[in-house]
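A.B. asks: Mind looking over this structure? Questions follow.
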Amino acid sequence: MRGLLSIARWSFPDIKKFHKGIIVAGCSDENAQRIAHSCSQWLPHVNWAMVKRREPVIASFTGETIFTFHETTIARQFALLRLLRKEKADIVVLTWTNEASFGSLHIAGLFFNARSFIVFNENIDAFFLVVKNHRIIRHHLRWRFAGKILRKGKRILLEALSWMFLYPFGVLSTLAGTLYLVIRKRMRRV
Amino acid sequence: MRSCSIIILNWNGKDLLAQGLPSVLAAVEFAGGECEIIVADNGSNDGSVEFIRRQVPSVRLIALDKNYGFGEGNNRAVAEAKGEIIVLLNNDMVVEKGFLHPLLRAFDAEDNLFAAGCQIFFRDQSKRREETGKTFAYWDKGTLRFLHQEITDLDYERKYIPITWASGGAAAFDRKKFLALGGFRSLYSPAYYEDTDLSYRAAKRGWKILLAVESTVYHEHRASANKRFTPPELQALIRRNQFLFLWSNISSNTMLLEHALAFFPRLIKYGMRKGGGVEWKAFLTALPNFFLARSFNRHERSSSALRDEELLKGFEWKRVFLQRQQRLHILFVCPYIPCLGVHGGGNRMFYLIKGLAANHVITVLSYVETEAEKQLARQLQEFCKSVILVVRGQSLQEPDWFHNQPHRPVKEFANPEMKTILDAEVGSGKYDLVQFEYLEMGYLARTVKHYNIPMLLTNHEVQHAALSRHLEQNTFSYLERVELRYEWMKMLRFELRIASLFDAVVTFTDEDAKALNGYNPQLPVHVHNLGVDVHFFSSYDGTVKEPHSLVFVGYYRHYPNEDAMVYFCKEILPRIQEKMPDVKVYIVGAEPTQSVRGLHNGTSIIVTGKVEDIRPFIAQATVYIAPLRLGAGMRGKILEAWAMKKPVVATPVAVAGLQVYDGNNILIADTPNDFASQVLKLLGDQQLCERLGEGGLRTAQSRYDWQMLVRQHQEIYKEMFRRKNI
């Protein structure tokens, strides 16, 4: 089973069969360094690649580095996501640390075509994302969102509503505003 | 020196008078001249009157029959005073011996002066200094804010600074003007805001109000008021009088409409909080006097020379003083720490700040990306008054509900901590102007726009122009093209909107200036060149140590630099290597990206990464290359090469804004073939290299030396002040 379906597995995957791994570094460089080090220690037989948001390079990480979200356009990000899905990694490492604003990288990794997912937190504790670990996953999420779930949930809901209802007005206003500026410039030239 | 009357209003303050009066007597004796001391007693029953008569008979006593309150009590005393200048003191003030001279001197030195206030300290030095005497009121979304600002070293240097109101408990007033205004209004009885009201009415007539920084008094703070009112009652009284002040003084219809629209939501919002009953009580007790307050306003309109907008929208009142000041207190707001050796923008900011610091007082407020970067501030601390650093972090801070703002400025640089610090710094009144570096920081100007302080934006690179070029130069899929075009629209509107907030916008090239003025000719855009420290670069030994070597220096997180190197190594270098296989390229600079690092092969292409000093690398090479295709703004890298007498081959984009003469101080090439042939020409012609190097150095010395550029920058400040009628 690959991708999100692999989460539905009850048992732990056989890590001896892993050859290819991707670390989705949705965290600070310091944490990415620690997690990458831990991964290479724990699974030395795996060829690791890293997806990062931006520079700089993790000095100790010798695998390939892919800057997915360094791209400026969403179209290119999706194009790279499609390419990364073709990689068919055996394991994808998700970094759910306590750093805000890497939201898209926190979940982007879930869309890779991996056989299994493993989550690291800022204490470099790790667990497989499988049904068997449902207690650990629940505990982690509860700890992660302690006291914040209402606030974050409200924010996410507002963002979703704004995309549905306000974004079209934003587009119209941008188009109209630009048209006005361009026409005014042309008329001035005339 | 003019004659003066010191009036101390008293109500049941025998002990306070016993402490304060001796200091007043000593001050009058020290000052000499014609000065009477009057104690106006507001119907005390604690033996104050007998105390004055027996203990200090030299003091003139006006014993009123009852407590008329602060306003009326003082009005009656002023009516009976003999001096041209009246100094009003609270009974809980202890004054310094020399407090009188600075006040009276102000009236001799300034035309049309209505009042001169004293600098106020608390007697208990351990208390936080809530009052300073440096008062400031401003209009903020339908209401008025009143505050006391910090006194700075520059204020002591200037001695007299404009303020919004002179405190009725520690200030000198021109008696004639005081009486012409009708004195304090009984509307505010029993106390608070009569002095603010009086000063505001005076200011509207065009009379000045100053703080005499050297005149010092010590205040017990609400010593009498606390005897009569409980804290919640005091709060309600103050808030009530703020309403009455607004209703009786604001004539502007726009401001009144804004007040009306904001009023009830604010009342409900504050009223629902804990202790919010005070807000409602204040409003309900002020309401019966609404029509009386408006009638006062109608009365004053005929004598008003200035509008409310001019008086209350920020630092407009400073205008009288700034035109005389040679030494300015400037706040620089930067997205990256201004320091040498990281990137061209940082170098430019550093040299400009260093040059300005010779004549002005500079404070730098800057983002840093990590805690470790804070050590770079040491370079600045040698000549800046202070450096305030905020770790930017990676957070997406600002919501964009309509999703029509460009990503980078709004999401990555709008940190709430930075906004709070910026608001506090500008609101403190310490600065004469604020300079924002880069468009990303220009966005933060919205936070402090209401202070109306002179603001300048340095737009290092006009981003919509850079985006437009990016679209033209590169191939994209259809979806990407649509998305980038939409991003360009967002950026264009954003950039023009932000630029319109400023009193001056500086760009580095005429092209960038045209890119802005083309859409809005009213924008006050100034073209100001980048500079180079010619002495620093030219003093290095420029002997070529590696023949047939090329060098490029850049900061590779800036995409045009990354693109330049990838383009050069893929398109141009193979053409050079056909004729000259042993040519070597040094790619020098901080944070080489993955694609740049991928170019390194150890033989013909060397990627060095960040180096401590770029001069050895520029010096050892034969030719400096600048094959830029993207971006906007001026390139400091070419100036550095010129300062080191290196011949330069560059694309037209790379030389934008520079004084270039093709064949004289530079070789320009547009296509890969042209570029390769120009480089080969230089590698094979030592004389041509020397001639171009000399030409480049002459150009750098005559047009781009920092000393000259700093002087030009100060002219921009003068032009800015002229535009603001300062």
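The values are calculated or read from the model by the stated rules, or taken from the named source; none is laboratory data. If you're wondering where the values come from, they're calculated on a predicted model, not measured in any experiment. Cβ: placed from backbone, ideal geometry, glycine included. Neighbour counts: every protein chain shown. Just so you know, the surface numbers come from the protein's heavy atoms only, side chains and all, with ligands and any DNA or RNA stripped out. Shrake-Rupley method; radii C 1.70, N 1.55, O 1.52, S 1.80 Å.
A.B. asks: From largest to smallest, what semi-axes in whole angstrom does region B:614-661 give when each is the square root of 5 times an eigenvalue of its alpha carbon gyration tensor?
C.D. replies: 19, 10, 10
A.B. asks: Let me ask something additional. Whenever you get a sec, compute what percent of the accessible area on chain B sits on carbon and sulfur atoms (1.4 Å probe). Provide the component values of the computation, followed by the final result.
C.D. replies: Working: 14580 of 28960 Å².
In chain B, the share of accessible area belonging to carbon and sulfur is 50 percent.
A.B. asks: On the principal axes of its Cα set, how long, how wide and how thick is region B:440-590? Give whole Å, largest value first.
C.D. replies: 61, 49, 25
A.B. asks: Could you derive backbone 3J(HN,Hα) for region A:108-120 from the dihedral phi with the Karplus parameters 6.51, -1.76 and 1.60 (θ = phi - 60°), listing whole Hz in sequence and x where the residue is Gly or Pro?
C.D. replies: 4, x, 5, 8, 6, 8, 9, 7, 7, 10, 10, 10, 10
A.B. asks: Hydropathy first: keep DSSP H helices in chain B averaging at least -0.5 on Kyte-Doolittle, then drop any whose Cα extent along the axis falls short of 20 Å, and list what survives.
C.D. replies: Working: long enough: B:14-31 (25 Å, 0.91); B:231-249 (27 Å, -0.23); B:253-271 (26 Å, 0.43); B:478-499 (31 Å, -0.32); B:686-703 (26 Å, -1.00); B:706-723 (25 Å, -1.18).
In chain B, the long hydrophobic H runs are B:14-31, B:231-249, B:253-271, B:478-499.
A.B. asks: If you take every DSSP beta bridge fully contained in the protein assembly as shown, what fraction is antiparallel? Give it as a percent rounded to 5.
C.D. replies: Expressed as a percentage, antiparallel bridges in the protein assembly as shown total about 20.
A.B. asks: Over the heavy atoms of A:Ile15, what accessible area does a 1.4 Å probe trace out, to the nearest 10 Å²?
C.D. replies: Spelled out: A:Ile15, probe radius 1.4 Å, area about 50 Å².
A.B. asks: Shielding by partners for A:155-163, please: the mean number of other protein chain Cβ atoms within 10 Å of each residue's Cβ. Don't skip to the end; give the middle numbers.
C.D. replies: Details: counts 1, 0, 0, 2, 4, 0, 1, 5, 2.
So the per-residue partner count for this stretch is 2.
A.B. asks: Using only the alpha carbons of region B:465-504, determine the length spanned along each of the three principal axes and report them from longest to shortest in whole angstroms.
C.D. replies: For region B:465-504, the Cα extents along the three principal axes come out at 40, 16, 6 Å.
A.B. asks: Determine, for each peptide in B:484-492, B:356-364, the mean count of other beta carbons within 10 angstrom over its residues, then list the peptides with the highest first.
C.D. replies: Packing proxy ranking, top to bottom: B:484-492, B:356-364.
A.B. asks: Rank by packing, highest mean first: peptides B:413-421, B:461-469, B:496-504, with packing defined as the count of other Cβ atoms within 10 Å averaged across residues.
C.D. replies: Descending mean neighbour count gives B:461-469, B:496-504, B:413-421.
A.B. asks: On to the next question. Hey, what D do you get for region B:97-137 in µm²/s if you plug the Kirkwood alpha-carbon radius into Stokes-Einstein at 25 °C and 0.890 mPa s?
C.D. replies: Working: Rh = 12.1 Å.
Stokes-Einstein gives a translational diffusion coefficient of 203 µm²/s.
A.B. asks: Let me ask you something else. Leaving out ligands and nucleic acids, note down the accessible area per residue over chain B with a 1.4 angstrom probe, in whole Å².
C.D. replies: Each residue of chain B exposes 40 Å² on average to a 1.4 Å probe.
A.B. asks: Using a 10 Å cut-off around each Cβ of peptide B:297-304, what is the average number of partner chain Cβ atoms that fall inside?
C.D. replies: The mean count of partner-chain Cβ atoms within 10 Å per residue comes to 0.
A.B. asks: Would you compute, from DSSP H runs of 4+ residues alone, the mean residue ellipticity of chain B at 222 nm, taking -39500 (n - 2.57) per run and dividing by the full residue count, rounded to the nearest 500?
C.D. replies: Taken over chain B, the calculation gives -12500 deg cm²/dmol.
A.B. asks: Using a 1.4 angstrom probe on the protein heavy atoms only, could you order B:Thr603, B:Thr593, B:Thr285 from most to least accessible area?
C.D. replies: On the way: B:Thr603 95, B:Thr593 10, B:Thr285 65 Å².
My answer, sorted largest first, is B:Thr603, B:Thr285, B:Thr593.
A.B. asks: Charges at C-beta only: +1 for Lys and Arg, -1 for Asp and Glu. How large is the resulting dipole of chain B about its Cα centre, in Debye rounded to 20?
C.D. replies: Its charge dipole is roughly 1540 debye.
A.B. asks: To the nearest 10 square angstrom, what accessible area does A:Met1 show with a 1.4 Å probe?
C.D. replies: 120 Å²
A.B. asks: From zero up to wherever the largest Cα-Cα distance of the protein assembly as shown sits, split into 10 Å bins and tell me the percent of pairs in each.
C.D. replies: 2, 10, 16, 18, 17, 14, 11, 7, 4, 1, 0
A.B. asks: Place the peptides B:10-22, B:640-652, B:367-379 in order of packing, highest mean first, counting for every residue the other Cβ atoms within 10 Å and averaging per peptide.
C.D. replies: B:640-652, B:10-22, B:367-379
A.B. asks: I would also like to ask the following. Out of residues 5 or more away from B:Ile161 or on other chains, whose amide H comes under 5 Å of its own, with H placed 1.01 Å from N in the peptide plane?
C.D. replies: Placed amide hydrogens put B:Leu211, B:Val213 under 5 Å from B:Ile161.
A.B. asks: To continue, here is another question. First obtain the Kirkwood hydrodynamic radius of chain B from its Cα pairs, then insert it into the Stokes-Einstein equation at 10 °C and 1.306 mPa s, and state the resulting D in µm² per second as a whole number. Intermediate results must be reported in sequence, preceding the final value.
C.D. replies: Values: Rh = 29.4 Å.
So the translational diffusion coefficient is about 54 µm²/s.
A.B. asks: Between chains B and A, what is the buried accessible area summed over both chains (1.4 Å probe, protein heavy atoms, nearest 100 Å²)?
C.D. replies: Roughly 3000 Å² of accessible surface disappears when B and A pair.
A.B. asks: Antiparallel DSSP bridges in chain B: what percent, to the nearest 5? Please report the intermediate quantities before stating the final value.
C.D. replies: Details: 20 of 90 bridges.
Rounded to the nearest five, the antiparallel share is 20 percent.
A.B. asks: Mind jotting down a quarter of the surface of the convex hull over the alpha carbons of region B:1-140, in square nanometres, one decimal? Each step should come with its number before you reach the end.
C.D. replies: Values: hull surface 40.0 nm².
So the mean shadow area of the Cα hull is 10.0 nm².
A.B. asks: Right, next: Quick one: of B:Lys208/B:Lys354; B:Lys14/B:Lys97; A:Lys86/A:Lys154; B:Lys177/B:Lys449; B:Lys354/B:Lys646, which pairs are farther than 31 Å apart, Cα to Cα?
C.D. replies: Long pairs (Cα-Cα over 31 Å): B:Lys208/B:Lys354; A:Lys86/A:Lys154; B:Lys177/B:Lys449.
A.B. asks: Convert each backbone phi in region A:29-34 into a coupling constant with the Karplus relation 6.51 cos²θ - 1.76 cosθ + 1.60 (shift: θ = phi - 60°), then list the ³J(HN,Hα) values in order as whole Hz, x for Gly and Pro.
C.D. replies: Calculated HN-Hα couplings, in order: 4, 5, 5, 4, 4, 5 Hz.
A.B. asks: Let me ask something else about it. Name the long-range amide H neighbours of B:Val391: under 5 Å, sequence gap of 5 or more, or other chain; modelled H, no Pro or chain starts.
C.D. replies: Hits under the 5 Å cutoff: B:Val368.
A.B. asks: Here is a further query. Enumerate the calculated ³J(HN,Hα) couplings along region B:611-625 in order (Karplus 6.51 cos²θ - 1.76 cosθ + 1.60, θ = phi - 60°), each rounded to whole Hz, writing x wherever the residue is Gly or Pro.
C.D. replies: So the J values, rounded to whole Hz, are 10, 5, 9, 7, 4, x, 6, 5, 5, 6, 7, 7, 10, 9, 10.
A.B. asks: About its Cα centre, what dipole magnitude does the protein assembly as shown give when the only charges are +1 on Lys and Arg Cβ and -1 on Asp and Glu Cβ, stated in debye to the nearest 20?
C.D. replies: In total the dipole reaches around 2740 debye.
A.B. asks: Would you mind checking which residues have amide H under 5 Å from B:Val506's amide H? H placed 1.01 Å from N; only 5 or more apart, or other chain.
C.D. replies: When sequence neighbours closer than 5 places are left aside, the close amide H contacts are B:Leu457, B:Thr458, B:Asn459, B:His526.
A.B. asks: Please compute, for peptide B:401-408, the average count of beta-carbon atoms on other protein chains lying within 10 Å of each residue's beta-carbon. Each step should come with its number before you reach the end.
C.D. replies: Numbers: counts 10, 11, 10, 10, 2, 0, 1, 1.
Average neighbour count from other chains, rounded to a whole number: 6.
A.B. asks: Mind checking region B:38-98 for GluC sites (Glu not before Pro) that DSSP puts in a loop (not H, G, I, E or B) and that have at most 10 other Cβ atoms within 10 Å?
C.D. replies: Taking region B:38-98 and a limit of 10 other Cβ atoms within 10 Å, no loop GluC sites (Glu not before Pro) are found.
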